[in-house]
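Heads up, the thing below is written out as structure tokens.
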Amino acid sequence: MGRKRLITDSYPVVKRREEPSGHSKGELSPELGEEPQPHNEEEEAELELLRQFDLDWQYGPCTGITRLQRWHRAEQMGLEPPVEVHQVLKSHPGDPRFQCSLWHLYPL
């Protein structure tokens with residue numbers, strides 16, 4: 001009887017050309033790499049709080065700005081963002097795992 005047909009069988013296979021820089025379009029830059037894993041349970045809990053903040057549209061969009069900028073914008077607009085988020089952001093001022101939103105690795 002043969003192989004079961006998939007929906008993708010009806011589309012032609014297209015090879016992507018590489019750009020002059022050596023990267024395929026839509027590929028993440030290698031210098032961005034993967035984010036390091038949290039070192040302890042406290043950091044993991046803090047990062048989860050920040051991920052939930054990123055996913056909560058009540059405080060406006062989070063792409064293109066840092067979490068701290070988004071928190072301040074929400075506060076200025078009277079949206080009452082969580083104080084815990086501000087405390088976490090202030091306790092990790094130079095760490096991109098804490099300062100950048102979930103979407104910072106994706107081009108706009």
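Listed values for the range 43-52 are Karplus-derived 3J(HN,Hα) couplings in whole Hz (6.51 cos²θ - 1.76 cosθ + 1.60, θ = phi - 60°), namely 4, 4, 5, 5, 5, 5, 4, 5, 5, 5, and x replaces Gly and Pro. Annotation: extensible slack from ARG5 through GLN99 equals 29.2 nm (criterion: 0.36 nm per residue apart, minus Cα-Cα distance). Listed peptides 45-53, 99-107 appear in the order 45-53, 99-107 once ranked by packing, highest mean of other Cβ atoms within 10 Å at the front. Please work out whether the range 39-108 counts as rounded, prolate or oblate from its C-alpha gyration tensor, where a ≥ b ≥ c are the square roots of the eigenvalues and a/c under 1.5 means rounded, while otherwise a/b larger than b/c means prolate and anything else oblate? Here the range 39-108 falls in the oblate category.
Each peptide in 65-72, 77-84 gets a packing score, the mean of other Cβ atoms within 10 Å over its residues, and the list from highest to lowest is 65-72, 77-84.
Rule-based calculations on the coordinates, nothing more; no lab input. What you see is a predicted model; the values in this text were computed from it and never measured. As a convention, Cβ positions derive from the backbone with ideal geometry for all residues, glycine included, and neighbour counts pool all protein chains shown.
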